[in-house]
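Structure first, commentary second.
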Amino acid sequence: MPIVSVIEAVRDTIRSEMKQNPSVFILGEDIGARGGVFLATDGFVELFGPERVIDTPLAESSICGIAIGSAVNGMRPIAEIQFADFVWPAVNQIVGEASKIRYGTYGKKICPMTIRIPYGGGVRGGLYHSQSIEVIFSHTPGLKVVAPATAYDASGLLRSAIRDDDPVIFLEHKKTYRLVKGEVPSDDYTIPLGKAEIKREGEDLTVITYGLMLHYVLQSAVECEKLGISVEVVDLRTLRPIDRETIVKSVSKTGRALIVQEDTAAVSISSEVSAIISEECFFDLDAPIMRLTPLEIPPMPFSPIQESEYLPSKQKITSAVSKLSSI
Amino acid sequence: MKIEITLPQIGESVTEAVVIKWLKNVGQDIEKYEPIIEIITDKVSMEIPSPHTGKLIEKTVSEGETVPMGNMIAVFDVIDVVENNRPTDITIPDQSIIGSISDVAAVGPTGGEFKDNSLITEDLPKQTREDKDIDKVISSDLEKNRYSPVVLKLAEQHGIDITHVSGSGQNNRVTKKDVLNHIDKVNVDEVDVKNTITVASDDHFVTPNPFRKIIADRMVESSSKIPHAWTSVEVDMTEVKKCIDSNRESFESLHKIKLTYLTFAVHAVSRALTSNKYLNSSWIDNKIVLRGNVNLGIAIAGLDGLSVPVIHNADGLGFLDICKKLSDLTMRARKGELQLNDVEGGTFTVNNTGTLGSILGGAIINYPQAGIITTESVVRRPMVIKSNNKEDIQIRSVMNMCLSFDHRIVDGLEASSFVQAVKKILESINTRTNLT
């Protein structure tokens, strides 16, 4: 199997879906002539023409509005929001409209669109290029939210997202784009939405995470093994609907849960996971649920030193794991 | 407002402390967190800070006194007490401000450190703000006897008293792993009780052959199921010896068979059993099964270990037939040529331990029979003989016979009457006895 980066996996998957299905088209800022700021659609306009590769104005609300309109009328749009930080003008379209179309039309209309959103920090992006925006969409019934961490998952989940008949928010962590590489089969495989994956099996403690943090957690788990702590790692992969079963099974086994996320803690994915554990694993818990999250401050700092201090790291995860395992 | 000040619980393993010295006097105004008393536990000495701002009104313990944790040590007149129905909040200060620990390593009973931190030697960042928040949440939850849900669940499932489980968690908290280890240990202990054999480094193991295993299983079955009791008699074999001596040559040349003590014993036992039927029986399912025939097993050391060939219907056989059967079975047993029907159906067993030089034994019954009798060595020894109302000492040939019997089936009375019957038959032998 070829080894590709996350951005290559995304690019290859969109290309392959567009080749297979003429109703799939893409729209977004600079995705045509520029090939996208992360080059996710590099060369697409030459391949598919400007009718299927639409450069839009800097107007996220319009991008999503157009996508919704075309999706309701039988197309399968893939909208690209250049940076997650810019999605806010489109929240009304996504949360206020797209999520409610199936319900609001008595199921007569569907909205099979995918909104690709590069998100997350650790890239010295500062206030406007580092945000985690997953919670606002994960809170919204009618949406599906996917956050792959590996090239394999990115490809399989993106294929499922494009083929899904409901709006899917597809979150791509921009730091994984070129940092994370992995084997990706060239065939037409899909990964079901809503399924977490045990990325590493362990006995003493479960770490639940998603996105970029998965890689820090996996590195930390190797260190923890040397300290005599066997860590099981759950990669959520889909944030809505969240895979309760996998979380509950793992935490019930280990009795200890650490949730690691790049997003701030209050009313976040970690809050939801924590609630699920409390609801379903209470009698199997051997220690309080622990969360490792950044400081509750408005932005991810721009200063490299502060950014590093702000984000969970391998060392911080190892420290939290050993702390939790010693309770 | 007057309140009682108690000695705070310091670490789970510490139950009491000795007062070294009062640091404040009655009547003194004391600030919150000011050290008021110095104590020493079996681990450390430390100063206990005041939990409140107020005036010391009364000392209820004196220097040198041993005070259990949680007991009152003083009375304060307090001005800063907030109404609070959780007395622990009043009396137990935050662990982080419990007094100075002198002359000990940082493993004191306050247990404030996470033990695993010491394991991490590289790249450890200094505690972040969230880490401290986590600490606070955890330590406030880890008061004495606070068990996690899974610990309580496991303890209930396995019927374990958690107070007997030693804790490896923070502040000696009992963790899930501790309970699981405890369960494993209890299981291992149970196995150990059953199997306390220890093996030294210069010992070595021999895997028993299948015969040995069968014998072992049968012995265990018998000794564990049958309540054994024992009795023995001494039999004067002098006349039997004379009989053998006078008939040996003619008997052997006629029948090509050796004339032995065992033959007489087997013959005598077969006869005695016919009039002592409860020795020729089995205890099966709370019933006594009286056997219709006397099928006499003879314990013989063969090639593959002990075998017990059977003389079937021995009670119907004459002396000579018993002698022939015995000779045949013995020979084939020693060669390892016994057939299945040769060893089946025994109802009672004779064990000729005398050939091994034994004079006394307590044999294990051949399950599910009711008894086994041993014929021990025939020994020449002085004996008091009474004849014509006159006693004198003679040198006689004497043999012990030892009976092991199933005490569920018979008591000492029946057992004795049986061995007496055997003895009587043997002692009635003389040189004129018909050996056919």
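Only residues that are among the charged types (D, E, K, R) and under 22 Å from A:GLU245 (Cβ atoms) were counted in the stretch A:160-207, giving 9. Count of the stretch B:242-261 residues, restricted to those that are of a type in the set (Ser, Thr, Tyr) and not in a helix (DSSP H, G or I), is 1. Out of all the residues in the stretch B:398-421, is one or more in a strand (DSSP E or B), closer than 20 Å to B:CYS243 by Cα and not aliphatic (A, V, I, L, M)? Checked the stretch B:398-421: at least one residue is in a strand (DSSP E or B), closer than 20 Å to B:CYS243 by Cα and not aliphatic (A, V, I, L, M).
So in the stretch B:150-170, with the set limited to residues that are of a type in the set (Gly, Ala, Ser) and more than 10 Å from every other protein chain (Cβ to nearest Cβ), which one is nearest to the chain's Cα centre (by Cα)? So, considering only residues that are of a type in the set (Gly, Ala, Ser) and more than 10 Å from every other protein chain (Cβ to nearest Cβ), the one nearest to the chain's Cα centre (by Cα) is B:GLY159.
Of A:PRO2, A:PRO22, all but one fail to be of a type outside the set (A, V, I, L, M, F, W, C) and modelled with pLDDT under 95; the exception is A:PRO2. Test of understanding: among A:LEU47, A:LEU58, A:LEU39, which residue is in contact with an Asp or Glu (Cβ under 9 Å, 6 or more places away or on another chain) and among the hydrophobic types (A, V, I, L, M, F, W, C)? Answer to the check: A:LEU58. Taking the conditions (1) modelled with pLDDT of 90 or more; (2) out of contact with any Cys (no Cβ under 7 Å at 6 or more places or on another chain) in turn, B:GLY362 satisfies each one other than (2).
If you check A:ILE31, A:ILE110 for being surrounded by fewer than 20 Cβ atoms within 10 Å (Cβ to Cβ) and either under 26 Å from A:HIS173 (Cβ atoms) or of a type outside the set (Gly, Ala, Ser) (or both), only one passes: A:ILE110. Residues considered: A:VAL45, A:VAL123, A:VAL91. Of these, the only one that is at pLDDT below 95 and either on the phi < 0 side of the Ramachandran plot or surrounded by 20 or more Cβ atoms within 10 Å (Cβ to Cβ) (or both) is A:VAL123. Residues that are polar (S, T, N, Q) and over 18 Å from A:GLU262 (Cβ atoms) were ranked within the stretch A:161-206; the one that is modelled with the lowest pLDDT is A:SER186. Among the residues of the stretch A:154-169, the one identified as surrounded by fewer than 24 Cβ atoms within 10 Å (Cβ to Cβ) and under 17 Å from A:ASP235 (Cα atoms) is A:GLY156.
Taking the condition surrounded by fewer than 24 Cβ atoms within 10 Å (Cβ to Cβ), in contact with a Lys or Arg (Cβ under 9 Å, 6 or more places away or on another chain) and over 30 Å from A:SER326 (Cβ atoms), does A:ILE191 pass? The answer is yes for A:ILE191. Taking the stretch A:1-25 on its own, how many of its residues are more than 21 Å from A:ILE117 (Cβ to Cβ) and of a type in the set (A, V, I, L, M)? Number satisfying all stated conditions: 2. For the stretch A:12-24, filtering for residues that are free of Cβ contacts under 8 Å to residues at least 40 places away in the same chain and touching a helix residue (DSSP H, G or I) at 6+ places or on another chain (Cβ under 8 Å) leaves 2. With respect to the conditions (1) outside any loop (DSSP other than H, G, I, E, B); (2) modelled with pLDDT under 90; (3) not hydrophobic (A, V, I, L, M, F, W, C), B:THR198 lacks only one, and its number is (1).
The values are calculated or read from the model by the stated rules, or taken from the named source; none is laboratory data. Quick caveat, the model's predicted, so the values are computed rather than measured. Neighbour counts are summed over all protein chains in view; Cβ atoms, including those assigned to glycine, are modelled from backbone coordinates with ideal geometry.
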